[in-house]
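The structure appears right after this line, and notes come after that.
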Amino acid sequence: MDIKGETIAILKQFDIGNKFSYLPVLPKASVLIPLFVKNGELYTLMTLRSKELKTSAGEVCFPGGKRDPSDRDDVDTALREAEEEIGLSPQGVQVVCRLFPIINKSGLLVTPVVGFIEESFCPCPNPAEVSAVFTVPLDFFTSEKDHCAARDAAGMVGPLHSFHFMDPDSGSQYHIWGLTAMLAILVAALALRKQPEFDVGFDSQDPLSFFQQILHRRISKL
C-alpha cells in the first residue's frame, strides 16, 4: 500500500462518528486539515489570516470557520470554508475522517476534518480572509528543533505549543501556535504513527481520553 493509502487507513480508525453526540448544544465551527504527498512525504497546507479580520487577525490557521445554517454537518462547514478562503473545490478533497472536537478560546466547538488534496492544487486566497498560503512537512510537528511550549497557560489543558516555521518557498517565517499547533501535532502523531520528541500531554496511540478530558473540563466551566 502507498503512503496515502496507509495514512487513510490509519486515520479512519480515529473517526469520531457519533461519539460526541451527547455534548450540549454549543456554537460550532470546523477546520479542514488538508494533507498531500510530495516526494514520498506527507505535507499539510496552512493559511495566514488577514490582518483585517475581527478575530485571530494575522494568525496561522487551517482553513475553516463557523457553521452556517445551510451546512448539513461539520464536513460541509470545513469544505465550504476552504473553498471560500483558498479556492479549494469540495470535489478536490477526499475526506478521510473527523477528529475529536475541541472548544476554542471563543467558546466554539471546533471539529477538525482531515482530507487529502492533490499535490498540484494551486490555492487562490481570498484577500479579505487570507494573506498567505503555505505548506509544511507533517513531521515538522513531531520535532523538538523549532518547538517550544508554555506550561499553565490561561485556559489551556496541557502545554501551549508553539512552532516557528521558515517557508523555503517564500522565505517567510510563520508562528504556528495554540489550537492550530495542537491539531497539527495530533494529525502528525496519528498519521506518522510517531510520538513527538516533546511532551504533548496525550498518548499518540490512544489520544481520545485526553481530548475527552479537555472537553469535559471546558464544558464544566461554561
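Take the Cα radius of gyration of the chain and divide it by 2.2 N^0.38 Å, N being the number of residues; the result is 0.95. 3J(HN,Hα) along the range 87-103, derived from phi through the Karplus expression 6.51 cos²θ - 1.76 cosθ + 1.60 where θ = phi - 60°, amounts to x, 8, 5, x, 5, x, 10, 9, 5, 9, 6, 10, 9, 4, x, 10, 7 Hz, with x in place of Gly and Pro.
Determine the calculated [θ] at 222 nm for the chain from helices alone, applying -39500 (n - 2.57) to every DSSP H run no shorter than 4 residues and normalising by the residue count; nearest 500 deg cm²/dmol.
-7000 deg cm²/dmol
Loop only by DSSP, 14 or fewer other Cβ within 10 Å of the Cβ. Give me the trypsin sites (Lys or Arg not before Pro) in the range 5-65 that pass, ordered by residue number.
Lys19, Lys51, Lys54
So, by mean Cβ neighbours within 10 angstrom, what's the order for 166-179, 98-111 with the highest one leading? Could the numbers behind the result be given before it?
On the way: 166-179: 13.9, 98-111: 19.0.
Put in order of decreasing packing, that is 98-111, 166-179.
Full extension of the segment from Gln13 to Asn126, taken as 0.36 nm per residue of separation minus the current Cα-Cα distance, would add 37.3 nm. For a test of the definition: using alpha carbon positions, the gyration tensor, and the 1.5 limit on a/c, classify the range 162-222 as rounded, prolate or oblate. Judged from the Cα gyration tensor, the range 162-222 comes out oblate (a/c at least 1.5, b/c at or above a/b). For the range 13-100, the pair-distance distribution built from all alpha carbon pairs, in bins 5 Å wide starting at 0, is 3, 12, 20, 24, 20, 14, 6, 2, 0 percent.
Karplus-derived 3J(HN,Hα) values for the range 179-194, using 6.51 cos²θ - 1.76 cosθ + 1.60 with θ = phi - 60°, are 4, 4, 5, 4, 5, 5, 4, 4, 5, 4, 4, 6, 5, 8, 6, 9 Hz; glycine and proline are entered as x. Derived scalar couplings between HN and Hα for the range 11-19 equal 5, 4, 5, 9, 4, 7, x, 10, 4 Hz in order, rounded to whole Hz, by the Karplus curve 6.51 cos²θ - 1.76 cosθ + 1.60 (θ = phi - 60°), x for Gly and Pro.
Values in this text are rule-based calculations from the coordinates and carry no lab data. As the structure is a computational prediction, the values presented were derived from the model and not from experiment. Quick reminder, even Gly has a Cβ in these numbers, built from the backbone with ideal geometry, and neighbours come from all protein chains shown.
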